[in-house]
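Heads up, the thing below is written out as structure tokens.
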Amino acid sequence: MAMTNGTNGKAKVNVKFSGRKAIDLVVTSHWTVVTAGLLGTAFLYYVLPWIFRGIEDARGTLFVTGLIIALVSGASSHLQRRFGRSTHEHMRKHEFQANHDTLTGLPNRVGLIRHLETEVHKARQDKTTLGVLFLDLDRFKVINDTMGHDTGDQLLRAVGERIVSAVRSTDLVARFGGDEFVVVCPGLVNTHSVVQIAAQILASFERPVPLGKGEMNVVPSIGIATSNSEQPRTSEELVRDADAAMYRAKRGRTGYAVFDEQQRQVAMSRLDTERALRIAVAARELDVHYQPIIDGKTRQLTSFEALVRWNRLDVGWVGPGDFLPVAEEAGLMANIGELVLREACAQASVWARTFWKDSPVTMGVNVAERQLVDPNFARTVAEILEWSGLEPWRLTLEITEDLVIDHLDSALSVLRDLKALGVSLAIDDFGTGRSSLSYVKRLDMVDYLKIDKSFVDGLEQPGVDQAIIEAITSLAKALDLVMVAEGVETVGQLDRLVNLGVERIQGYLIEKPLSATDIESRMVSRAADAAAAQAVVQAHPVAPIATPAPATPQPNTLQQIAQRLPQQQAHPLPTPAVAQAHPLPTPAAAAAPAAPHSPAPSTFPQGSGTGLPRPAQTAAVPATPAPPAAATSPPAA
């Protein structure tokens with residue numbers, strides 16, 4: 001509102017918009033009312049055009065949401081036409097800005113709902129099917145955080161253009177917010193028609209999206225909801241149901257999914273899980289369990305893998321497949337990953353001082369996507385190692401193959417920094433992603449390849465799985481990498497893997513993931529068994545078997561027959577129960593002197609796969625464990 005007094009003076013001036021005399025702009029949420037006081041038409045003719053320029057110059061764009069011009073009596077027709085034209089242009093510009101996204105130029109949420117309400121009413125009248133597609137870009141948050149918001153904005157504009165080019169001219173493409181887009185498809189015959197449109201959109205993204213001087217692979221997930229005369233839905237219900245179907249498509253990696261009533265319950269459950277998970281992460285209520293990994297030939301314990309578990313207060317144990325995808329979508333994986341890394345390093349430091357003094361047992365921890373693309377991740381790992389007192393060579397960081405390929409250049413830089421710390425690196429789920437020799441050749445800092453469970457499952461039947469494992473094993477040997485097989489559940493699988501040259505075995509055949517309390521009880525029991533067995537050996541030393549002297553030709557007498565028989569031990573040592581469970585070395589091996597600096601191998605009993613009941617509590621880990629003596633390299637295996 002421009003307010004003046006009768007003497008051409010200012011009544012009030014807002015200096016942020018204007019320092020000129022007699023001008024003040026008062027902007028409300030709906031209207032800006034410009035009134036000429038007692039100055040007449042001359043003031044309107046010369047000053048009001050400057051008001052428009054001043055508003056545009058101050059902010060770069062018009063920030064008023066409307067305009068009413070009240071002309072004084074006697075104003076000329078030329079003045080009325082001039083300001084009437086300005087008012088019309090401004091209102092048209094304001095209408096476009098209110099209903100369209102400034103970044104992409106597509107309709108925004110307001111424009112989408114207005115258009116959708118019209119199409120819902122029209123579909124009911126015409127008795128046609130109205131389809132709504134809800135699109136979300138996979139891993140866009142990571143791209144935006146790592147490559148910058150400018151690159152993210154370029155990608156969103158390119159994605160909007162790609163969607164528009166893939167749909168019909170009668171369809172409306174809108175940006176719903178963030179990396180979410182909505183497509184309204186009117187006049188369809190049935191649900192199959194909207195599925196075809198979704199397939200066309202997915203096919204259009206098989207080509208990389210040009211981005212600056214390069215290009216980027218973009219993978220959308222699409223949820224589909226429809227409304228017709230038999231099952232009418234409001235505009236709000238269509239968007240909500242399509243959104244729920246999109247989450248199903250994202251979790252199943254199916255590209256698209258059509259909404260049904262069961263998905264509504266799934267969506268509500270997911271929201272509830274996300275809410276409870278955020279509380280659990282903030283309160284550090286997640287647990288870490290540890291699954292042993294053994295040497296396939298010697299059956300000796302080589303390492304553990306730390307795996308996150310959630311004992312939800314109101315539900316009980318929640319499977320990782322139920323909450324980890326939710327954590328990924330909610331952006332919680334970086335926090336969870338650091339929590340697991342910190343807990344696992346602290347626990348491994350305690351065990352190394354207590355049980356692994358002379359054994360090269362290591363701890364494996366999975367790396368989340370947000371951690372891998374964080375340029376400061378290596379520094380975080382170094383701080384946790386120093387805090388926990390764990391020797392770097394005892395830590396193995398596991399990265400899935402897809403993560404490395406999706407962020408190859410940035411991942412290689414982070415992996416080199418991690419390798420410089422002295423930690424080991426493993427490629428997890430190898431063979432399930434977009435494997436290529438070109439990327440494997442660049443991973444010269446990697447120490448382990450972990451074969452995915454999907455290949456191990458079909459190993460007992462002759463076929464492609466065995467051929468794939470043979471090929472991966474040959475590749476690993478050529479690159480001097482250690483092979484680890486995951487998900488081993490049968491003795492037949494174990495034998496096949498060992499015969500194929502796979503060095504290390506992990507799976508429920510060995511043992512399920514256990515709490516720290518259960519792991520410690522096994523180690524204490526094992527140490528007690530070893531001590532008892534050693535006491536038995538010391539109390540009953542085994543005499544070496546004498547070699548019979550060569551027989552000399554003599555008459556066929558009883559004495560000659562006796563000389564030909566092998567000499568027997570007078571009093572054979574009975575095998576105690578402990579020795580039966582844990583066989584001791586043969587007498588010859590026991591008599592031989594031990595090699596210098598040879599560590600005593602740690603062993604882990606082979607489990608039945610059934611696991612143990614859930615413990616009452618996990619092992620307590622000291623908040624700040626005392627650092628052990630510095631070690632620059634692992635003891636010889």
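The values are calculated or read from the model by the stated rules, or taken from the named source; none is laboratory data. From a predicted model like this one, the values you see are computed outputs, not experimental measurements. Counting neighbours? That spans all protein chains shown, and the Cβs are built from the backbone with ideal geometry, glycine included. Just the protein is used for accessible areas: all its heavy atoms, side chains included, with ligands, DNA and RNA removed. Shrake-Rupley method; radii C 1.70, N 1.55, O 1.52, S 1.80 Å.
Just a few scattered comments:
- Among the residues of the stretch 317-347, those that are of a type in the set (A, V, I, L, M) and farther than 16 Å from Arg284 by Cα comprise Val326, Ala330.
- Note on the stretch 248-268: residues that are under 21 Å from Gln200 (Cβ atoms), crowded, with 17+ Cβ neighbours inside 10 Å and not basic (Lys, Arg) total 6.
- Test: residue in the stretch 198-206 that is touching a Leu at 6+ places or on another chain (Cβ under 9 Å) and either farther than 24 Å from Lys127 by Cβ or assigned to a helix (DSSP H, G or I) (or both): yes
- Single condition Asp150 does not satisfy, out of (1) farther than 29 Å from Asn217 by Cβ; (2) open to solvent by 20 Å² or more (accessible area, probe 1.4 Å): (1)
- Scanning the stretch 258-268 for residues that are part of a loop (DSSP other than H, G, I, E, B) and either of a type in the set (A, V, I, L, M, F, W, C) or closer than 29 Å to Ala426 by Cα (or both) gives a single hit, Phe259.
- Matching option when the condition is in contact with a helix residue (DSSP H, G or I) (Cβ under 8 Å, 6 or more places away or on another chain) and in contact (Cβ under 8 Å) with a residue 40 or more places away in the chain, among Gly177, Gly160: Gly177
- Residue match in the stretch 240-253 (condition: of a type outside the set (Val, Ile, Thr) and under 30 Å from Phe355 (Cα atoms)): no
- Count of residues meeting criterion [free of Cβ contacts under 8 Å to residues at least 60 places away in the same chain, surrounded by 15 or more Cβ atoms within 10 Å (Cβ to Cβ) and either outside any helix (DSSP H, G or I) or of a type outside the set (D, E, K, R) (or both)] in the stretch 215-247: 1
- Inclusion of Thr226 among residues that are of a type in the set (Ser, Thr, Tyr) and under 19 Å from the mean Cα position of the chain (by Cα) is not warranted.
- When the criteria are applied in full, Gly160 meets the requirement of being open to solvent by less than 20 Å² (accessible area, probe 1.4 Å) and of a type outside the set (Asp, Glu).
- The residue of the stretch 169-192 that is farthest from Asp138 (Cα to Cα), among those that are part of a strand (DSSP E or B), open to solvent by less than 50 Å² (accessible area, probe 1.4 Å) and not aliphatic (A, V, I, L, M), is Pro186.
- Residue within the stretch 478-494 that is among the charged types (D, E, K, R) and open to solvent by less than 10 Å² (accessible area, probe 1.4 Å) present: no
- Note on the stretch 392-414: residues that are of a type outside the set (Lys, Arg), out of contact with any Asp or Glu (no Cβ under 8 Å at 6 or more places or on another chain), farther than 18 Å from Met333 by Cα and open to solvent by less than 30 Å² (accessible area, probe 1.4 Å) total 3.
- Selected residue (only one of Ala346, Ala368 is small (Gly, Ala, Ser), touching a helix residue (DSSP H, G or I) at 6+ places or on another chain (Cβ under 6 Å), under 27 Å from Asn144 (Cα atoms) and at pLDDT 90 or above): Ala368
- Candidates in the stretch 106-143 are the residues that are without any contact (Cβ under 8 Å) to a residue 24 or more places away in the chain and more than 15 Å from Cys185 (Cα to Cα); of these, the one that is least open to solvent (accessible area, probe 1.4 Å) is Val110.
- Index of the failed condition, Leu418 passing every other in (1) closer than 30 Å to Ile143 by Cβ; (2) open to solvent by less than 40 Å² (accessible area, probe 1.4 Å); (3) touching an Asp or Glu at 6+ places or on another chain (Cβ under 7 Å): (3)
- When the stretch 463-477 is filtered for residues that are polar (S, T, N, Q) and either at pLDDT 95 or above or open to solvent by 20 Å² or more (accessible area, probe 1.4 Å) (or both), the ones remaining, listed by number, are Gln466, Ser474.
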